[in-house]
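Chemist: Here it is: the structure, laid out below.
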Amino acid sequence: MTEKNWPLYEVFIRSKSGLSHRHAGSIHATDDQMALDNARDTYTRRNEGVSIWVVRSSQIVASDPAEFAAFFEPAKDKIYRHPTFYDIPEDVGNM
Amino acid sequence: MYTQGLDQAGSKPRRRDGLETDAQLAAFQARIDADEKIEAKDWMPEAYRRTLVRQISQHAHSEIIGMQPEGNWLTRAPTLRRKAILLAKVQDEAGHGLYLYSAAETLGVSRDQMVRDLLDGKAKYSSIFNYPTLTWADIGAIGWLVDGAAIMNQIPLCRCSFGPYARAMVRVCKEESFHQRQGYEIMLTLVRGNAKQKAMAQDAINRWWWPSLMMFGPNDEDSPHSAQSMKWKIKRFSNDALRQKFIDATVPQAEFLGLKMPDDKLEFDEQTGHYRFGEINWQEFYDVLAGNGPCNRQRMATRQQAQADGAWVREAASVYAEKQAARNAA
C-alpha cells in the first residue's frame, strides 16, 4: 500500500458575525475544499460557526517561543503607550 | 468518551534525556507550578512529551474504538428519535477522536503513525470498549455510566498543563453532557416500561457497573506514574479520588431509577459522607488490557477491516487532488 500522508490544515472559526475567526484545531484533507468540509463536520456539529477559514499548517509562519523575550522586548519599556501613564487631575472628569 | 489510567500498561520507566539540564527542568517545573500552560512549540522535557503523546493518542484511540459497541445498535434503535440521537453520539465520538489526534500531532507525532500503532496493536485504548453491547439497555448504561465516568475524568483534564490537550478537552466536555443525559433518559424510559424492560435495564447495570469503575485505572498505590503526572499537572486528581466521586454521584441516580448497583458491600458511610464499595476484580482489568477481554480481537479486526476498506477512497482522493493541482498550475 503506497498511501500518502494527507496535508495538515489549521482551522479557524468565526462563531458569529462581529467576532474574529479563532483557532479551533486542525484536520487532514487532500485539498482545500475537503479541508473546509472536514472542518465543518469536525468543529461545527452544533452551529459553532458562521464562517470557517482553513490554511495549510505548512503555510503558517510562527514566532519562536524560545526567543519570545527578545522578540517582544521592544514593547517592554514603552509604558507611555498606556493611558494610565498620564496624570490627569480628577476635576477634569472622565477622559 | 474517554481514556483511563492506561499509562501504567507496558510503559517503560521514564528516563531523562541526556541533553536536558537541571536548569531547564527546574525552569519548566516552575512554569507548571505557576499554572502556566505549556504550548506545543515550548521547550519541554522529553518525558513530558512522551507521556502526553501516549496519553492523548490512547485517548484518541479510545474514542475511535468506542464507536463500535454503540454502532452495534444503530440499525436496531427502537425509534427514529433514538436512532438519530445515537447516530449523533457516535459521530461525536469520531469528532472527539479527531480533536485528540490533532492535539497529539502538535507534539510532533504524525496522524499516520498513531493510526498505525493502533492497527498494529502497539497502542492501547480504554478497556471498557472490549465489552459487548448485548441489549438496547446497554446503550442507556453506556451513556449514563461510561460517559459519566468519562466526564469525571475529562473535566479535570480541561485544566491540564498542556494547552492543546486542555482546549480539546473543553470542546469534548461540552459535548459529553448530552451523551450522559441521553443514556440516563434511555434507562428512565426502560424502568418506566414493563417488567421485562426494567429487568433489561437492571441486567445492563449488572454488566457495566464494574467495568465502569475500572475506567478510572488501578488503585493509587498500584499506579506508579501518577505522581509524576500530578507534578506536571497532566493529572489533577488521583484514580481513587475520581472513582469515589463517580460512585457518590451515580448510586443515588440508580436509586432514582429503582435499580441496584451489583455490589452487596455498597453502603453509605455517614461519617465520611461517601459510599463504601466492594473489591474491584483487578485481574479482569489486567486481562482485558492484555487483550483477553470479551471483544478485544473483534474490535481490532473491525478497525483493521474499516481501514482496509477505505484505502481506495483515500487513494482516489489523493490522486484527484494531484490532478486538480496540476490542472490549476497549467
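Chemist: For B:K37, go through the lysines and keep the ones whose alpha-carbon is under 18 Å away, minus same-chain ones fewer than eight residues off.
Modeler: Excluding near neighbours in sequence, the set is B:K231, B:K233, B:K235.
Chemist: As an exercise, identify the trypsin sites (Lys or Arg not before Pro) in the range B:96-152 lying in DSSP coil whose Cβ has no more than 11 other Cβ atoms within 10 Å.
Modeler: Sparse-neighbourhood loop trypsin sites (Lys or Arg not before Pro): B:K122.
Chemist: With an 8 Å Cα cut-off and a minimum separation of 6 or more residues, compute the relative contact order for the range B:201-330 in percent.
Modeler: 20 percent
Chemist: Can you spot the aspartates and glutamates whose alpha carbon is less than 14 Å from A:K4's alpha carbon? Ignore those fewer than 8 places along the same chain.
Modeler: Output for A:K4: A:D31, B:D112, B:E315, B:E322.
Chemist: Which aspartates and glutamates have a Cα lying under 13 Å from the Cα of A:K16, excluding residues fewer than 8 positions away in the same chain?
Modeler: Answer for A:K16, where 13 Å is the Cα cut-off: A:E48, listed by chain and number.
Chemist: Work out, in µm²/s and without decimals, the Stokes-Einstein translational diffusion coefficient of the range B:44-117 at 10 °C, 1.306 mPa s, Rh from Kirkwood over C-alpha pairs.
Modeler: Working: Rh = 13.4 Å.
Calculated translational D: 118 µm²/s.
Chemist: Given axes a ≥ b ≥ c from the Cα gyration tensor, I'd like to know whether the protein assembly as shown is rounded (a/c under 1.5), prolate (a/b larger than b/c) or oblate.
Modeler: Numbers: a/c = 1.60, a/b = 1.32, b/c = 1.21.
Prolate shape, in that a/c is at least 1.5 and a/b is the bigger ratio.
Chemist: Given only helices, namely DSSP H runs of n ≥ 4 each adding -39500 (n - 2.57), what is the per-residue ellipticity at 222 nm of chain B, to the nearest 500 deg cm²/dmol? Kindly include the intermediate steps, with their values, before the conclusion.
Modeler: Numbers: 14 runs with 201 residues, N = 330.
Value at 222 nm, helices only, nearest 500: -20000 deg cm²/dmol.
Chemist: Still on this model: Given chain B, report the % of alpha carbon pairs whose separation exceeds 35 Å.
Modeler: Working: 13682 of 54285 pairs.
Value for chain B: 25 percent of Cα pairs lie more than 35 Å apart.
Chemist: Shielding by partners for B:316-324, please: the mean number of other protein chain Cβ atoms within 10 Å of each residue's Cβ. Mind showing how you got there, number by number?
Modeler: Values: counts 1, 6, 7, 2, 3, 9, 3, 0, 4.
Mean partner-chain Cβ count within 10 Å for B:316-324: 4.
Chemist: Another question, if that's okay. In degrees between 0 and 90, to the nearest 10, how far off the longest principal axis of chain A does helix A:32-43 point, with axes built from Cα atoms?
Modeler: Helix A:32-43 sits at roughly 70 degrees to that axis.
Chemist: May I pose another question? Dipole magnitude of the protein assembly as shown about its Cα centre, charges +1 at Lys/Arg Cβ and -1 at Asp/Glu Cβ only, in debye to the nearest 20?
Modeler: On the way: 54 positive and 55 negative charges, 244 e Å.
In debye, rounded to 20, the protein assembly as shown gives about 1180.
Chemist: List the relative contact order of the range B:37-107 as a percent without decimals, with contacts defined as Cα pairs under 8 Å and 6+ residues apart.
Modeler: Working: 45 pairs, mean separation 34.7, N = 71.
This gives 49 percent for the range B:37-107.
Chemist: Moving to a separate point now. For peptide A:23-35, what's the mean number of Cβ atoms from other chains within 10 Å of each residue's Cβ?
Modeler: Numbers: counts 1, 5, 12, 9, 5, 7, 2, 10, 7, 2, 2, 3, 0.
What the average comes to for A:23-35 is 5.
Chemist: Taking Cα pairs under 8 Å and at least six residues apart, what relative contact order does chain A come out at, in percent? Can you show the working numbers first?
Modeler: On the way: 98 pairs, mean separation 24.9, N = 95.
Once normalised by length, the contact order is 26 percent.
Taken together, the values in this text are just the output of simple stated rules run on the coordinates, not laboratory data. Note that the structure is a prediction, hence the values are computed from the model and not measured. For neighbour counting, all protein chains shown are included, and Cβ atoms are generated from backbone atoms with ideal geometry for every residue, glycine included.
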